[in-house]
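Presented below is the structure to which this report refers.
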Amino acid sequence: MEVEDLTVADQANLETPGVENTDEGFTSVLSKKSSKRKRKLEDGQMDTDGPVASKRPDFPPISGDRMLDGKEEFRKVPVPPHRYTPLKENWMKIFTPIVEHLLLQVRFNLKTRNVEIKTCKETKDIGALTKATDFVKAFILGFQVEDALALIRLDDLFLETFDVTDVKPLKGDHLSRAVGRIAGKGGKTKFTIENVTRTRIVLADTEPPVESVWQY
């Protein structure tokens, strides 16, 4: 078999995929992206450089009745003896927003001394039961009804309680002085903390003193 040597002109006439020969003798190499685009155009595919919209499922909102599947949820808040009278005096202020705004059922059980809150068929918001429970707890801890109502109207509020002895174990006069320093003379220290941290604070002198912080 005879092998013929190719001349320079014959080599230039050879077609190499992805390589174009110019008249000046330089060889321009096509990039892989451009070759892929040409293939797509030849196959009839559209070349789009813009972002492709993601296909996210669009689900309609579900009512609270459907999420509960007909089941009724129940919460109860214990009431200490020293809060019976304030609860009785402000019962209508507590009852009205829970029933009319949150569409829940509420009652005070005289036997167990608990405020019982329950969902019903008219309940639309799945989180209404939690809001009503926090609202009643805030009042039981000593907050004013007007301040506690913000827990129902706004979503970015939370209620936090802790014992002073959880921070540092104190007894006797040392415990009383610690609570007094938090309150300050005439409540000035407490008011300063509330204004700076945008909170509401209640100091309750029951068993070990409890500090309830309501932040928003």
Scanning region 88-120 residue by residue, the ones that are part of a helix (DSSP H, G or I) and surrounded by fewer than 17 Cβ atoms within 10 Å (Cβ to Cβ) total 10
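Could you say which residue among 173, 163 is more than 14 Å from residue 94 (Cβ to Cβ) and at pLDDT below 85? Let's see the steps before the verdict.
Values: 173 fails: at pLDDT below 85.
163 is the lone residue from the list that is more than 14 Å from residue 94 (Cβ to Cβ) and at pLDDT below 85.
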Going through region 94-141 in order, the residues found to be basic (Lys, Arg) and within 22 Å of the chain's Cα centre (by Cα) are 124, 131, 137
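Checking the condition touching an Asp or Glu at 6+ places or on another chain (Cβ under 6 Å), modelled with pLDDT of 90 or more and closer than 29 Å to residue 204 by Cα, which residue from 83, 107 passes?
Values: 83 fails: touching an Asp or Glu at 6+ places or on another chain (Cβ under 6 Å).
When all the criteria are applied, what remains is 107.
Collect the residues in region 121-156 that are among the hydrophobic types (A, V, I, L, M, F, W, C) and open to solvent by 20 Å² or more (accessible area, probe 1.4 Å), keeping them in residue-number order.
To start, the set of residues in region 121-156 that are among the hydrophobic types (A, V, I, L, M, F, W, C) comprises 126, 128-129, 132, 135-136, 138-141, 143, 145, 148-152, 154.
The answer is 126, 141, 149, 150, 154.
The values are calculated or read from the model by the stated rules, or taken from the named source; none is laboratory data. Here the structure is a predicted model, which is why all the values come from computation and not from measurement. All Cβ positions, even for glycine, are placed from backbone atoms using ideal geometry, and neighbour counts span all protein chains on display. In case anyone asks, the SASA skips ligands and DNA or RNA and just uses the protein heavy atoms, side chains included. Shrake-Rupley method; radii C 1.70, N 1.55, O 1.52, S 1.80 Å.
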